[in-house]
Structure formats: structure tokens, C-alpha cells
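Worksheet: the structure to be examined is printed underneath.
The values are calculated or read from the model by the stated rules, or taken from the named source; none is laboratory data. Only a predicted model underlies this, so the values are computations on that prediction, with no experimental measurement involved. Here the Cβ positions follow ideal geometry from the backbone for every residue, glycine too, while neighbour counts run over all protein chains shown. Heavy atoms of the whole protein, side chains included, go into the accessibility calculation; ligands, DNA and RNA do not. Shrake-Rupley method; radii C 1.70, N 1.55, O 1.52, S 1.80 Å.
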Amino acid sequence: MSQFSYQDGVLHAEGVALPAIAEQFGTPTYVYSKAQLLQNFRGYAAPGKGRDALVCYAMKANSNLAILDILAREGAGFDIVSGGELLRVIAAGGDPGKVIFSGVGKTVAEIELALDKGILCFNVESIPELHRINEVAGRIKKRAPVSLRVNPNVDPKTHPYIATGLKASKFGVAFSDALDTYRAASALPHLDVVGIDCHIGSQLLDDAPLLEALDKLIELIDTLAGEGIHLHHLDVGGGLGIDYGTGDNAPVAIGDYVSRVFARVDAWRAEKYEGKPIKVIFEPGRSIVGNTGVLLMSVEFLKPGEEKNFCVIDAAMNDMARPALYQAWMDVKPVTPRAGSTVTYDLVGPVCESGDWLARDRELAVEPGDLLAMMAAGAYGFTMSSNYNTRGRVAEVLVDGDRFHLIRRRETPEELFALESIVR
Ligand SMILES: *Cc1c(COP(=O)(O)O)cnc(C)c1O
């Protein structure tokens, strides 16, 4: 059940009418539902209760400390892609011992920080990276737990920018090179080779490609065991999609996907390892936070035209980059729908770029001053936002039942140039 619904003709987040938030904190503002966040996280965590499983939330999707804190208190681990994200986890009270460090370009300083804080594992993407981690670990007298990100060459059939598991992708080690890379890793003195992982893409509505990738990893774990390399964990990555309201097929339910992963893993362990379990890790991002958030915005002007009618809103591509970046279709709903005839609008922001649109060809009955909500904007929304056009990043609000809390205040223009200096 969605936590965003119309009650008495007004769009609510849980028990809070969105106009109340706009009145107090202005627009544009990201609004998140705590209940929706918990529902999604528990969808992953519940089927794994009582077994060796860990949900490492891929925090690049939404890294607000309030979100991280809620998830950390639910027992979440975190999938990070920078040293900055590790410091966020710690600032939010998360456990570095449940952190997995992904990404193709980890710097020496980031590796040192991660070793110092005692993370669970580095997901390594290349041989030079293995050498770098080994050197840093040796220098500071630590052992580095590593997993190899393997590229199973499974086509996720998603947008090319978010397909990451194909041969031509910059991510991961090619499946055909995996065995040699594991041998190389095992020979390095300061590394503990503990796992395997993959991440084939994002916004997958069907879990068949994810399960196909899992089968490839299982095959590789067996081959490695035959060589005396015994892995302790299997990380199936993230990538499960959400319903953006496009009318396409509904995404597979989180619990169904997770249960299918466990069933496959259990059958394999029973057949080949006398039932000895292996730790299973998930790295979901979008499916945890995507439908927990909306971007609340206001209509500034209506601009009818010969070919197109424009609805100029106060949110722009710097606040929500997905339409400009991926041609993503995002659902936009009026907060208080008006009776009367609709007009077909392109929703555009004030930024000086033709690419600054948030939605195209939408049937709306709106007037200047009306509130609109961009639905399912909780993932890759705020975290991808920028200060382009010297626009402060927007406020973020968390709704909990019938209360709401500011979890990041709007940036002021002065803050945007405070770090700069004039040279004369
Ligand atoms: C981004 C990312 C994820 C999360 O992907 P979603 O599609 O948001 O679930 C997981 N693992 C890695 C390595 C990533 O880069």
C-alpha cells in the first residue's frame, strides 16, 4: 500500500496534507514517508530473518542522515561509493562493520579511511585496484577483506546508462577473467578474499536477469572452491525496479525476489555443500527509497504556445536530474486536483537549458500557485541535485504519521558562494 494518497481531495504523505508542508517550508521540497521506507526495507530484511543475510542499502540513491539513521536502526548495512559516504554512515550512527565499498576509482585516501574504520568488504573492480588495496593495507598493517565485482554479461534490458553488467561496461571484472583475477588476489599478502558480487543494472522490473546473474556467480563459486579459494559471502547487487506509474508491467515484489534468491541459494548449498550456509548480501538502492519520496513544487506561470503549452514550475533539472539525464518519465500529480478541462503541458523549470524539463505532454488542469507532486522521486533525486544557475539545493522533509520534520534545510544563495575567493 502506498503511503501517498488523496484524502478529501488533497494529496497526503501518510497523515500529512502536502500543502501544510509547502506552507511551512516552501517549495520545491522533497517529502519522504518513514512508513514507506520501513515497509520497503523490511521487504528485504524479513525473508532473511534468522539466516546469515545482510541488506546493504546503496546510499547513493538517497543519503540524508535521517534516512540512514532509520535504516541503521533497522539493522541495515550500507553500500558506499566514496569516503564521504562512509563518513555519512558513521555520522548517522551506522556500523562500519556492515559497510561494503563499491566503485571503480577508490583513492588511496579512501582505502586508508575504510581500512581504518574497519569496513566489511571492498568490492574490487580491477587488478590495479587489488594491488592498490594490498599496498595500502600492508603500509598501515591491516588486512583488507575483498570481494570481486564480476561482470556476468547478463543483459538487464534497461536504459543503457543504467545497464552495468555488460562486456562493454566500465564496471567489474569480465566473467572470463574472473578466475585469473581471483588467483591474483589470493596471492597478495595483505588481502583476505572473502566474497563475490555483481550489479548488472538498475530499474529491472523482472527478476529473471538478476537470478540469471546469481546462477553465474554460483557457478564461479564452485569453480573457485575446486581451486581451494573458499568464499564466505555472495552479494547479488541491487537493481530491482520500482513503479514510476508509466503503465508498464509492475515490478516484481521485493519479498518475492528475495525469497527466490534464498530458495536458489539453499538448493545449491544442499546439493554441493551439505547444506553449509553462505552469507547472502543485497545492495538495493532505488527499491528502498524510490517510492518513499515526492518532489513537491509550485506552478509559477502558464505559457501557452502555438505548438506547445508550457507550465513553468519552480523545480528544475538541477533539483531532479532524471528526466534530463535518462529521459526518465516521472509521474506528476496535482496536490489538490481542480475540476474543469485539462490542457496538455510540458512542465519546465527556470534553468537556462532546453534540457530543463521535468515532464512532457501531461494533461493537467492547473493555475499559477497550484502545488504539484512529482511521484516516486525519493531515489536519485536529491542526491543527484546540483547548484547549477546558483540555485540552492531544496529542503527535505520526513513525514512520520501525522507529524513532519525538516531533515535538511534549503540552502541559501550566500552559502553557495561562501567557499569562493576573488583574486585581484
Ligand atoms: C547504484 C548501485 C546499487 C544500487 O542500485 P539500485 O538500482 O538503486 O538498486 C547497488 N550496487 C552498486 C555497486 C551500485 O553502484
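Tabulated values for the structure
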quantity	calculated
Local electrostatic count at Gly77 - Lys and Arg +1, Asp and Glu -1, tallied over other residues with Cβ under 10 Å	-2
Per-residue [θ]222 nm for the chain (sum of -39500 (n - 2.57) over DSSP H runs n ≥ 4, rounded to 500)	-8500 deg cm²/dmol
Using alpha-carbon coordinates, inclination of helix 127-139 to the longest axis of the chain, degrees	80
Only Lys, Arg (+1) and Asp, Glu (-1) charged, at Cβ; the range 103-282 dipole about Cα centre in debye	620
Heavy-atom accessible area per residue - the chain, 1.4 Å, Å²	43
Residue list for the range 5-43, given a label point 7 angstrom along the Cα-to-Cβ vector of Leu406 and an amide N cut-off under 20 Å	13, 16-34
Antiparallel %, DSSP beta bridges [both residues in the chain], to 5	45
Carbon + sulfur, % of accessible area of the chain - ligands and nucleic acids excluded, 1.4 Å	52
Members of Lys60/Lys141; Lys98/Lys279; Lys117/Lys276 lying beyond 24 Å, as alpha-carbon distances in this model show	Lys60/Lys141; Lys117/Lys276
Set of the range 313-349 residues, backbone N closer than 17 Å to the point 7 Å along the Cα-Cβ line of Ala20	335-336
Spin-label pair Ile90/Ile127, simplified geometry with 7 Å Cα→Cβ offset, distance in nm	3.4
Leading residue at positive end of dipole, the chain (Cβ point charges), from Ala373, Gly9, Leu191	Leu191
FRET E, pair Met1, Leu65, Förster distance 22 Å, beta-carbon r, rounded to 0.05	0.20
Inter-probe distance in nm under a simple model that places probes 7 Å from Cα toward Cβ, at Ala225 and Asn389	5.7
Residue of Val289, Val150, Val348 that the Gaussian network model of the chain assigns the largest fluctuation, springs spanning Cα pairs under 10 Å	Val348
Considering only the range 103-282, percent of DSSP beta bridges that pair antiparallel, nearest 5	5
Cα-projected label distance for Leu325 with His232, points at 7 Å along beta-carbon direction, nm	3.4
For the chain, built as a Gaussian network whose Cα springs stay under 10 Å, the top-fluctuating residue of Arg393, Arg322, Arg139	Arg139
Choice from Ala35, Ala109, Ala253 showing the highest fluctuation, given a GNM over the chain with Cα pairs closer than 10 Å	Ala109
Extension gain from Phe417 to Glu274, taking 0.36 nm per residue of separation minus the Cα-Cα distance	45.3 nm
Centre separation in Å (Cα based) which lies between the range 126-142 and the range 1-31	49
